[in-house]
Every structure is written in C-alpha cells, then in structure tokens.
1. Among the residues of the range 180-192, is there at least one that is open to solvent by 70 Å² or more (accessible area, probe 1.4 Å), within 21 Å of SER263 (Cβ to Cβ), in contact with a strand residue (DSSP E or B) (Cβ under 9 Å, 6 or more places away or on another chain) and hydrophobic (A, V, I, L, M, F, W, C)?
2. Within the range 247-274, restricting attention to residues that are free of Cβ contacts under 8 Å to residues at least 60 places away in the same chain and among the basic types (Lys, Arg), which residue is least open to solvent (accessible area, probe 1.4 Å)?
3. Taking ALA11 and the conditions (1) more than 15 Å from ALA126 (Cα to Cα); (2) open to solvent by 40 Å² or more (accessible area, probe 1.4 Å), which numbered condition does it fall short on, given that it satisfies the others?
4. Against the condition basic (Lys, Arg), under 21 Å from SER41 (Cβ atoms) and open to solvent by less than 60 Å² (accessible area, probe 1.4 Å), how does ARG141 come out, does it pass?
5. Only one of (1) buried (at least 23 other Cβ atoms within 10 Å of the Cβ); (2) part of a helix (DSSP H, G or I); (3) among the aliphatic types (A, V, I, L, M) is not met by ALA238, so which one is it?
6. List the number of the failed condition for THR196; all other conditions in (1) at pLDDT below 95; (2) under 23 Å from GLY131 (Cβ atoms); (3) more than 19 Å from the chain's Cα centre (by Cα); (4) open to solvent by less than 50 Å² (accessible area, probe 1.4 Å) hold.
7. Which is under 20 Å from the mean Cα position of the chain (by Cα) and more than 16 Å from GLU287 (Cα to Cα), of SER262, SER229?
8. Within the group ASP39, ASP66, which residue is without any contact (Cβ under 8 Å) to a residue 60 or more places away in the chain and within 16 Å of TRP116 (Cα to Cα)?
Amino acid sequence: MGATITTNATAVDPIIAGKGYVHPEFLVSTDWLAEHLDDPSIRIVESDEDVLLYDTGHIPGAQKVDWHLDLNDPVLRDYVSSEQFEKLLRQKGIDENTTVIFYGDKNNWWAAYAFWVFQLFGFTNAKLLDGGRIKWEQEGRPFNIDVPSFPTTNYKAPKRSDDEIRAFFKQVAEHSAAGKPLIDVRSPEEYTGERTHMPDYPQEGTLRGGHIRGARSVPWARAANPDGSFKDANSLRAIYEDEKGLKKGDDIIAYCRIGERSSHTWFVLTYLLGYDRVRNYDGSWTEWGNAVRAPIEKGPEK
C-alpha cells in the first residue's frame, strides 16, 4: 500500500504519528498543511457535498473537484473513464510526482470519496486533511476566493481497477449469504428502517427501509471527534474490533446510501487500522433498497 514519493511533502506528520495509526502517511494535520501551503510539490483539492461551498472561500491554493461532475460519468452509472480521469488531473496540474491533499465539508465525506475514486486509478500519492474544512475553519485559519491555476501536466492514467476496493451488487449478495462482515455506516434510524434517508435530508429514491442481512451497524460518525478529525487508533479499535469483532484479516464490505459515508469508514479501516481487504459498495442502499427480491432486515442489530 502507498507509493514511493521523494518530495518533502511525504514525511509523516508527527501530530498524526502520535495517534497510533498503521498508515499515518495518508493523513496530515491542519498544522502541517498550514506550513506547506506554498509547497510546489503538493496540490490541495476540496471536494464537498455542497458543490457551491468552494466558491464562498477555500483553503489558499485549493482547487475544486466536483464529486458529481468530475468523478462520475455523465451517462453511465459509473465513475469516469481513464481518459476522463487523465484529462482532469492534467488540468489540475497533477501527476505522479504531485502529493494531493484532499479535504471537504461534512467531516471529509466527499473528500474521502474523492480519495477513494483516485485509488481506483492507483493514485496513491494522496492524503486526507485530518478534520477537513470544519477543523480548518474552527481554528481560524485563512480562506480566500482565488482560483489557482497550475501548469498542465503529462499525467498518464492507467486503466481503472475496481477489483480490490469496490464491491458490486452480486458480490455483496454473495458476501451476505456467506455471513462475511458487512458494515452499515448509516444512521441508526436508517439501519433499523425507521427512515429511508438521513435525518434532515430529503427522500432520495429508496423504496424500502432496513439493512442488508447480517450487516452490523457502525455509524460513520463514531470514528470522528467533534472537530471532524479521526479518533485515535485505540479508540477506533475499541469500536470496530472490541465491540463489533472485526479482525485485520477479515474480508469486509462497507456501505451507506450512495457510497460517500462508507468511503469515510473504508479509509478508517484500510489506512488507520491497516485492514488488508476492505471494499466500498458504492451502490449502497440506493441500489439494494430498490432491487427486486434483494433480501433485507429491519430493526436493531441482532
């Protein structure tokens, strides 16, 4: 896991190292980023649920990646092709020698989602800003509205590979039938079937409430501190291992409603706890809850 990087942006942030993660090199603190805003070897990328938020002010030097327009194919229910991804990164001044720092709103939901999509193309020279936009803002750090531009690169994207970190409906059905670990990261009310959407959000097309058979409920937010940063490794192990019984060698699939909250949990399990086999089911409950004859369960975890 990870990439061989030679820039000065690669040293492990000592603040992150103190949290005990298996792969601390995939996170940076707000202190670290504040010290590297002028580092030519990094590119800062903001990816938000609120796609208009970037225009109101962003971390100096940050560029916007719109999760819907930039990462999803406009026609096929899938992610962009290698050619589309290659064009995006070239336009953003990113290549293999560039360290990309992702951050965003909602405690990095969509930043983790963008990070995950980059991994589908094998772009491992990437990190998340611990705490995301909310922590940066709470600390009174600078924002501006300037949209930076960087020299176009000659980045060449490899063929996208979904096998290692992405799960599809049939695979999830087989996983459930085999009794393998499924982690439902939605709110408790979504898990039980009391709601078909997140609190304070509109109904977004799911016909049935409940969860996939055998799924364990671990709402994504349990992994986060009040300031949006990730809890330390011991606290995370207490949740996922002591409470839910997960083990490092498990074959795990995480899901939510459309894959963004489960990207956050995928990041926790893969990089912070170092699990070897974690996949994100981006079809999630929007697909499963509408699929004909897809078995579901209602009520609290058994």
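1. No; the residues of the range 180-192 include none that is open to solvent by 70 Å² or more (accessible area, probe 1.4 Å), within 21 Å of SER263 (Cβ to Cβ), in contact with a strand residue (DSSP E or B) (Cβ under 9 Å, 6 or more places away or on another chain) and hydrophobic (A, V, I, L, M, F, W, C).
2. Per the criteria, the residue is LYS248.
3. Every condition holds for ALA11 apart from (1).
4. For ARG141, the condition - basic (Lys, Arg), under 21 Å from SER41 (Cβ atoms) and open to solvent by less than 60 Å² (accessible area, probe 1.4 Å) - is met.
5. The failed condition is (1).
6. That leaves (2) as the condition not met.
7. Residue meeting the stated conditions: SER229.
8. Within the list ASP39, ASP66, the selection yields ASP66.
The values are calculated or read from the model by the stated rules, or taken from the named source; none is laboratory data. Since the structure is predicted, the reported quantities are computational estimates derived from the model, not experimental observations. Here Cβ is always computed from backbone atoms with ideal geometry, including for glycine, and neighbour counts include all displayed protein chains. Calculation scope for accessible area: heavy atoms of the full protein, side chains included, ligands and nucleic acids excluded. Shrake-Rupley method; radii C 1.70, N 1.55, O 1.52, S 1.80 Å.
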